[in-house]
Number of protein chains: 2
Amino acid sequence: MVTVDLAIFSVVDDSLAVLLVQRPDSPGEPYPGSWALPGGFIDVARDADLVACARRKLREKTGVVSPYLEQLGSWGNRRRDPRGWSVTHAYFALLSSDAIQLQAGANAAAVRWAAIGDDSTRIGERLAFDHADILAAAVERLRNKVEYTSLPAFLLPVEFTLTELQRAYEIVMGRPVEKSAFRTRIDSAGVVERLSRTRATGSRPAQLYRLKDRTNPVYFPRTFSPRS
Amino acid sequence: MVTVDLAIFSVVDDSLAVLLVQRPDSPGEPYPGSWALPGGFIDVARDADLVACARRKLREKTGVVSPYLEQLGSWGNRRRDPRGWSVTHAYFALLSSDAIQLQAGANAAAVRWAAIGDDSTRIGERLAFDHADILAAAVERLRNKVEYTSLPAFLLPVEFTLTELQRAYEIVMGRPVEKSAFRTRIDSAGVVERLSRTRATGSRPAQLYRLKDRTNPVYFPRTFSPRS
DNA sequence: AGAATAGTGTCTTTAAGACAATATGGC
DNA sequence: GCCATATTGTCTTAAAGACACTATTCT
């Protein structure tokens, strides 16, 4: 029993959110009606490899084709699924919420975004299987990497302002970021390239930028604020 | 077909080395006689979970019970094993070479250490399956984490001098480290605790230290030398 | 005493934190 | 011109790099 599960993150209503699907009520299915991370069995006929499987499930749920996708780890033991020893390969994805077309699939009664609390990695509800553990690991990985990478940029649409990028960092980190230091950091690391257009904001318009590389994150030489 | 494979690192003859085992020659076995990372099928009767499986295999090969062990990732596709779609869960382990009792097992004709080149992640030989990819990923992970963690300390025996610790860093990083900055870094992060004994060196004896925490690595606030 | 390695001090450099000042477009 | 937000500048601070100096034990 080998599956792939996804922690799909986006910024919804100015906070970090993860996509959850509801387990089917069919008899024989474990955790009927519970919320869970999207995922499912590998289709050895269709999926060339694990990443292909993850991409397929992401596409089926969100319609998004090329998000930031990173392997998170694997969870396997004899307790996590009542049907016996099972293993899942977890991935986490970052995408812009405006690119998403939510789709309830055959195996998922409903789909929704669940906000991640600023203070904790806990979601309000009990998730199916060990998905709470997987989600906690995904949030932890994301929160760690935010400190020294450009990951939050993948939560934004293709074109964005530096203020929006800074806001994405603040949402993921759960704390304010100093504007001037932030801009030097982004600039000297060569994360973005300036576009010719600006975005109207009601006051002084903001310069638009886009990522130089939509595929790989940039690693900064230091973390944001050194852990004590 | 689900397996667990291990990249077991140690310092041997003053260079970073990984443990390889030779594949059996039995008919029906893929890659007969090739060198490979130690590993094998999960035993659902004996292994409570993936880590337990990794620990068991590590113990069987080296006799080491409690090394530093970290999940590396999983590799799965329909090409990596000629017998069909297969998945492996890779772990990497760090241990002191003086704690090791090498043991050729039932499923491994021979065992040996292979040095990792300073300049590349390549091992001289062709490894079985996709183990060259897995090893490359393990070396990359290790080389990345060395820059901001105390991982090299797990390559040393329980008691060590700061010079030995510095040498372990240099071996993994493949470049010299500045002594004074290194010591301030280790000291201010509270990585080690001073023992009362010293080690004779032929000249001024060196103070002995041990890790404050033999289980978890310490994360430094900055990398060693910022990537350009 | 001299050799050799252990351990410390000083100065420079890099990039972040704090905070203030300036710039610009809409109204 | 006024307001609000964008953008830039200045000063301070933390920790690494470079390199020199001191300390201690053995021969």
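The values are calculated or read from the model by the stated rules, or taken from the named source; none is laboratory data. None of the values given here were measured: they were computed from a predicted structure. Here Cβ is always computed from backbone atoms with ideal geometry, including for glycine, and neighbour counts include all displayed protein chains.
Taking the criterion of being at the interface with chain A (Cβ under 8 Å from one of its Cβ atoms), in contact (Cβ under 8 Å) with a residue 60 or more places away in the chain and within 16 Å of B:A138 (Cα to Cα), the only residue of region B:41-87 that qualifies is B:G73. Screening A:P221 against (1) within 14 Å of chain B (Cβ to nearest Cβ); (2) closer than 11 Å to A:L162 by Cβ leaves a single unmet condition, (2).
If the condition is being at pLDDT below 90 and either assigned to a loop (DSSP other than H, G, I, E, B) or of a type in the set (K, R) (or both), then region B:85-103 contributes B:I100, B:Q101, B:L102, B:Q103.
Every residue, every condition in (1) surrounded by fewer than 16 Cβ atoms within 10 Å (Cβ to Cβ); (2) among the acidic types (D, E); (3) more than 8 Å from DNA strand D (Cβ to nearest atom), yes or no:
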position: A:I171; (1), (2), (3): no, no, yes
position: A:P176; (1), (2), (3): yes, no, yes
position: A:P205; (1), (2), (3): yes, no, no
position: A:Y209; (1), (2), (3): no, no, yes
position: A:K212; (1), (2), (3): yes, no, yes
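Determine if region B:104-112 includes at least one residue that is under 15 Å from the mean Cα position of the chain (by Cα), assigned to a helix (DSSP H, G or I) and farther than 30 Å from A:A52 by Cβ. There is no residue in region B:104-112 that is under 15 Å from the mean Cα position of the chain (by Cα), assigned to a helix (DSSP H, G or I) and farther than 30 Å from A:A52 by Cβ. For region B:166-183, state whether one or more residues are farther than 18 Å from B:L94 by Cβ and either among the small types (G, A, S) or within 14 Å of another protein chain (Cβ to nearest Cβ) (or both). Scanning region B:166-183, I find at least one residue that is farther than 18 Å from B:L94 by Cβ and either among the small types (G, A, S) or within 14 Å of another protein chain (Cβ to nearest Cβ) (or both), so the answer is yes. If the condition is being within 13 Å of chain A (Cβ to nearest Cβ) and surrounded by 15 or more Cβ atoms within 10 Å (Cβ to Cβ), then region B:184-203 contributes B:R185, B:A189.
The condition of being within 14 Å of chain B (Cβ to nearest Cβ), of a type in the set (A, V, I, L, M) and surrounded by 14 or more Cβ atoms within 10 Å (Cβ to Cβ) holds for only one of A:A114, A:A90, that being A:A90.
Residues are listed down the side, and each one gets a yes or a no for (1) among the β-branched types (V, I, T); (2) modelled with pLDDT of 90 or more; (3) away from DNA strand C (no atom under 13 Å from the Cβ):
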site	(1), (2), (3)
A:S188	no, yes, no
A:E193	no, yes, yes
A:G202	no, no, no
A:R210	no, yes, yes
A:P221	no, no, no
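Checking the stated criteria, A:E60 turns out not to satisfy the condition of being over 13 Å from A:R112 (Cα atoms) and in a strand (DSSP E or B). Which of the residues that make up region A:150-169 are crowded, with 18+ Cβ neighbours inside 10 Å and away from DNA strand D (no atom under 12 Å from the Cβ)? Of everything in region A:150-169, those that are crowded, with 18+ Cβ neighbours inside 10 Å and away from DNA strand D (no atom under 12 Å from the Cβ) turn out to be A:S150, A:L151, A:P152, A:A153, A:F154, A:L155, A:L156, A:A168, A:Y169.
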